[in-house]
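Structure record follows, encoded as structure tokens.
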Amino acid sequence: MALSTRSNFAKPDDAFRAIVEAHRGLTEAQSADLDAALVLVLANHIGDLDVLREAIALAKRRMLDTSQQQQQQQQ
Amino acid sequence: MAASTAQAKTQFGYRRHPDQDRSGANVAEHPVVVVGAGPVGLSLAIDLAQRGQRVVLLDDADRIGEGSRAICFSKRSLEFWDRLGVGDRMVEKGVVWSVGKIFHGAAQLYQFNLLPEEGHKRPAFINLQQFYAEAYLVDRVEQLPDIDLRWRNKVIALESRNDGVALTIATPEGSYQVHASFVVACDGARSSLRQMVGADFAGQVFEDQFLIADVKMTAAFPTERWFWFDPPFHAGRSALLHRQPDDIWRIDLQLNPDADPVAEKQPENVRPRIARMLGHDKFEFEWISLYKFQCRRMARFIHGRVVFAGDSAHQVSPFGARGANSGLEDAENLAWKLDRVLRRLSPEGLLESYHIERSAAADENIRESTRSTDFMAPVTKQEARLRQAVLSLAEDTEFGKRMVNGGRLSVPSVYDTPLSSEDRDDWRGGPRPGASMPDAPVTEQGGGSTYLTDVFIRQGTRFTLLEFGNGVAADIPDGVGTIRVGGEGGLVDAQGLAGKRYDAEPGTAYLLRPDGYVAARFRNAARPALDAALARAAGVS
């Protein structure tokens, strides 16, 4: 694993809050634009394709699990 | 809309050949028949003939196609054409360029230089209409008695045999048969030979339509490749401007996927668009066409004794100049191998390396040009959003600029190939085995300036050892050429660029293949290691 999933922030709540607050007051389209730019900026900062690929894989697994759970709840 | 072909002969005559009077057991036997006299077929035929092979070259037309096709020829292609004796003519006529600019809206995002360093014989690119390139190649063919170029000879049937291929060829005077040990199909994207061997040609079709217009005008634009995302004159789409010889400018406009091709092609509809782009309407149309493109390749480039090269084997989108240039790389890769196999110097298995090397190159070209195309024409809403983010980040970040993809221009592939010998010594730079030879300026003992690529040509474009002198000449096997840089009697590396580009120390040696690719390299070339590398590169071991 090249991707670190340990907790890297001294105050994780601050990091989460910073991202959430960046989206406050935005429309869904603006939020999506912001996320797109943010992902690219962060990906470049990481600068490691293996880490990026693992991060994408992890995010995608979470996304698929979440949408599966939502489907089951609807049934 | 007549293309300006005044300076080049483009019309040729059908002539009856004695082969046409032979039939049954008496049909003519030829070592190699090349089908298709485009840039790839012509170049391949010349390379083979210069190696001493007799070549029959067939083309179903009797003229060089006019109009707007390939225009960008790469440094690597020019170096290949130098070996064929046509490089100077191409460069004299062509428009030399190395700088590209990318605009977003009205503002320039960034510019790149494809050859920022001095000391290369050839520029990064020239722009030259394909019909000029073909005409110069035909002129060269006519100087070579070993090439028998037959116009209006169309292959209509192909039968594979163990020891070759039987071809049935239609002419204005009826059809005839020949037998060839090898056939090379350079008959283009709609290759009929590909259909005759029953091969499929699967890949991705892009929905976006592009309009190509070649216009004649005198303009003060610099000789650079200009690419726009969302330009003010063509909102929401992309555009490309390229200069060609004879005051011709290539304009490429992306259209909407649902644009009506018939209406879009009408000069009265194209004219206002281009007038908006140029800021005036003082231009004449030379050519207008509309196209959609595909990225695809054959699963195998070799079918028995039929070998496919150029567009018949692979097709890419035009962004990156990877079509004609990769076809020319196919030709130079194949010529020396086919020559060795025909002379029985190497087993037929050597040809498999052509498939391995060039199909991997085709995959790379398809990957690169697909990425460019997807960037220009995002498929989904989210892709469009990511692209927009890249374009806006590019305004003030370096990483954003480098992520903008307005076409990644053709560079030679580095081959992972069974012909290469693995590095055993330590290298900090220089071309690794499988890479093409970098050029560098050197001075001859008499004081004349030349280039490594030219010295390589004078060695006969055979296996050649490029040595950096340490006083003791390597023990070189028979038939292998030598280029010595430094040391007594060697070429002088006055600027130190040869040494730098090859990470050379005294005693460093590179074994070059006949196509100028590195087969192996040594800090000290001992004879057994050299023999082994040579055997491997020739497909003998």
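Numerical summary
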read-out: Any chance residue B:210 is buried (at least 20 other Cβ atoms within 10 Å of the Cβ) and either among the basic types (Lys, Arg) or out of contact with any Cys (no Cβ under 9 Å at 6 or more places or on another chain) (or both); value: yes
read-out: Any hit, region B:332-351, residues being within 30 Å of residue B:540 (Cα to Cα), in contact with a strand residue (DSSP E or B) (Cβ under 7 Å, 6 or more places away or on another chain), surrounded by 19 or more Cβ atoms within 10 Å (Cβ to Cβ) and among the hydroxyl-bearing types (Ser, Thr, Tyr); value: no
read-out: Criterion violated by residue B:322 - all others in (1) out of contact with any Lys or Arg (no Cβ under 7 Å at 6 or more places or on another chain); (2) outside any loop (DSSP other than H, G, I, E, B) satisfied; value: (2)
read-out: Top-ranked residue in region B:444-474 [being under 29 Å from the mean Cα position of the chain (by Cα) and assigned to a strand (DSSP E or B); ranked as surrounded by the fewest Cβ atoms within 10 Å (Cβ to Cβ)]; value: B:449
read-out: In region B:373-402, the residues that are among the charged types (D, E, K, R) and assigned to a helix (DSSP H, G or I); value: B:374, B:381, B:383, B:385, B:387, B:398, B:401, B:402
read-out: Count - residues of region B:175-220 that are outside any strand (DSSP E or B), among the aromatic types (Phe, Trp, Tyr) and farther than 26 Å from residue B:241 by Cα; value: 1
read-out: Residues of region A:34-68 classified as within 14 Å of chain B (Cβ to nearest Cβ) and loosely packed, with under 11 Cβ neighbours inside 10 Å, total; value: 5
read-out: Members of region B:483-509 found to be surrounded by fewer than 21 Cβ atoms within 10 Å (Cβ to Cβ) and outside any loop (DSSP other than H, G, I, E, B), listed by number; value: B:484, B:492, B:497, B:499, B:500, B:501
read-out: Lone qualifier among B:52, B:85 - being at positive phi and loosely packed, with under 15 Cβ neighbours inside 10 Å; value: B:52
read-out: Qualifying position, being at pLDDT below 95 and over 21 Å from residue B:366 (Cα atoms), among B:200, B:208, B:230; value: B:230
read-out: Wholly within region A:2-75, helices (runs of 4 or more DSSP H) carrying at least 3 residues that are of a type in the set (A, V, I, L, M) and closer than 23 Å to residue B:380 by Cα; value: A:28-46, A:49-74
read-out: Check on residue B:477, surrounded by fewer than 17 Cβ atoms within 10 Å (Cβ to Cβ), over 18 Å from residue B:82 (Cβ atoms) and in contact with a Phe, Trp or Tyr (Cβ under 7 Å, 6 or more places away or on another chain); value: no
read-out: Hits in region B:510-529 (condition: over 29 Å from residue B:44 (Cα atoms) and either of a type outside the set (D, E, K, R) or surrounded by 21 or more Cβ atoms within 10 Å (Cβ to Cβ) (or both)); value: B:522, B:524, B:525, B:526, B:528, B:529
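The values are calculated or read from the model by the stated rules, or taken from the named source; none is laboratory data. The shown structure was predicted, so the numbers you read here are calculated from the model rather than taken from an experiment. Quick reminder, even Gly has a Cβ in these numbers, built from the backbone with ideal geometry, and neighbours come from all protein chains shown.
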